[in-house]
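Let me begin by presenting the structure, written as structure tokens, before commenting on it.
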């Protein structure tokens, strides 16, 4: 029998396990990075589709010429004056709604939560209907700041009723449900009382990218940018909160401050997007829920996925609305609501199958 003085095979097992774990993490990071690159490619393709497809289809080479060497043709006017603003607004609004949804679902630890849970859509709608009925404001530029202020006030009310710095996901959800019900009751009552308000309100409340000027986007772009910066800065503490408050405290996260800043971020992102385009539902629900299946729940990956893939969905939905009933048009808010309904049906069927 020989006696060996080298390392035993058992002692090498932890090192082998560490090496395997490192390799697995690198592989996951590579796959996630590839997913971000794919999202960027799809976003460019969706933007090109939005510029080229509509009632009048324009070849991509003419789209390129209209953007970079216009000659004053009708196609140049369509691309530059109508479709380019629509596409830019779709990219910014889609990214804002996707980021807001990702933050909201992580904050509440609910994969089916929607930014509207904070009262953003209800507050914006209540402010706009008040501006139309009481103050007689009829322009989109006039709606803008009322919608943004209403969204902010409603989100503040929900956060306060939910406990402020001591809010919990359950209390936020209950407070949001109560505020939404009250505000939408007010909106419906005022619309029924004043038919002129109903007629004016329907052009905003349907949720659309059409007939929106870039000046509206430029007005809220600083707010959207601030909301995005806050969201990305909160990625690590939000990941800790997703594990539960006790774990978050153990990991050194400042739970109360993170929760308040997350509400601020959602309000800026979704309030600004709603102010520009009206309430567009389900984008903030569908994209984070789908992205989580590919990149996992870590907000450091989830939020960039949401920022890239949400505008892809919004632009493609807008193009579908243009071509399905051409030469008429279905507003993008209607298309996303239909797609969101299909997603809910799919989720319900999955859950039923899992219970069998």
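Throughout, read-outs are computed from the coordinates displayed, never taken from laboratory work. Quick caveat, the model's predicted, so the values are computed rather than measured. Glycine gets a Cβ as well: all are built from the backbone with ideal geometry, and neighbour counts include every protein chain shown.
How would you order 183-195, 205-217 from highest to lowest mean count of nearby Cβ atoms within 10 Å?
Details: 183-195: 14.8, 205-217: 18.0.
Order by mean packing, descending: 205-217, 183-195.
Need the full-extension length gain, residue 160 to residue 320, defined as separation in residues times 0.36 nm minus the C-alpha distance. One decimal, nm.
Numbers: separation 160, 0.36 × 160 = 57.60 nm, distance 3.99 nm.
Contour length minus Cα-Cα distance gives 53.6 nm.
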Taking Cα atoms only, helix 195-205 is inclined relative to the longest principal axis of the chain by an angle, in degrees rounded to 10, of 40
Within region 126-161, find all residues whose amide N lies under 19 Å from a label point positioned 7 Å from the Cα of residue 196 along Cα-to-beta-carbon. 127-143
How many angstrom separate the Cα center of region 182-247 from the Cα center of region 84-117? 9
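Calculate the all-directions average of the projected area of region 24-149's alpha-carbon convex hull, and give it in nm². Intermediate results must be reported in sequence, preceding the final value.
Numbers: hull surface 48.1 nm².
Average of the hull's projected areas for region 24-149 equals 12.0 nm².
Quick one: grab the alpha carbon gyration tensor of region 92-222, order the square roots of its eigenvalues as a ≥ b ≥ c, and give me rounded if a/c is under 1.5, else prolate or oblate depending on whether a/b is larger than b/c.
On the way: a/c = 2.21, a/b = 1.39, b/c = 1.59.
Oblate, since a/c reaches 1.5 and b/c is not below a/b.
Calculated FRET efficiency, residue 138 and residue 77, Cβ-Cβ r, R0 30 Å, to nearest 0.05? Mind dumping the intermediate values first?
Numbers: r = 26 Å, r/R0 = 0.87.
My answer for the efficiency is 0.70.
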Quick check on packing: order 174-180, 54-60 by the mean number of other C-beta atoms within 10 Å, highest mean leading. 174-180, 54-60
Residues in region 174-209, backbone N under 15 Å from the label point at residue 256 (7 Å along the Cα-to-beta-carbon vector): list them, ranges by number please. none
Report the normalised scattering of region 202-263 as log10 I(q)/I(0) at q = 0.30 Å⁻¹, calculated by the Debye formula with identical scatterers on the alpha carbons. -1.18
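Quickly estimate the mean residue ellipticity at 222 nm for the chain, helices only: each DSSP H run with n ≥ 4 gives -39500 (n - 2.57), and the total goes over all residues, rounded to 500.
Helices in the chain give a 222 nm mean residue ellipticity of -26000 deg cm²/dmol.
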As an exercise, use a Förster radius of 51 Å and the Cβ-Cβ distance of residue 57 and residue 25 to find the FRET efficiency, rounded to the nearest 0.05. 0.65
Measure nothing but the geometry: give the 0 to 90° angle between the long axis through the Cα atoms of 140-161 and the longest principal axis through the Cα atoms of the chain, rounded to 10°. 40
How far, in nm, would the chain grow between residue 338 and residue 69 when pulled straight, counting 0.36 nm per residue and subtracting the alpha carbon separation? 93.0 nm
Strictly greater than 18 Å: what percent of every Cα pair in region 135-190 meets that? 45
Apply the a/c threshold of 1.5 to the C-alpha gyration tensor of region 219-356 and tell me whether it is rounded, prolate or oblate. oblate
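For region 277-329, what class follows from the C-alpha gyration tensor (a ≥ b ≥ c being the square roots of its eigenvalues): rounded when a/c is under 1.5, otherwise prolate if a/b is larger than b/c, else oblate?
On the way: a/c = 3.29, a/b = 2.63, b/c = 1.25.
Here region 277-329 falls in the prolate category.
Over all directions, average the projected area of the Cα convex hull of region 73-347 and note it in nm². Walk me through the intermediate numbers first.
On the way: hull surface 58.4 nm².
Quarter of the Cα hull surface area: 14.6 nm².
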What angle, in degrees between 0 and 90 and rounded to the nearest 10, separates the Cα long axis of helix 9-52 from the longest principal axis of the Cα atoms of the chain? 10
So what is the relative contact order for the chain, in percent, with contacts set as C-alpha pairs under 8 Å and at least six apart? 27
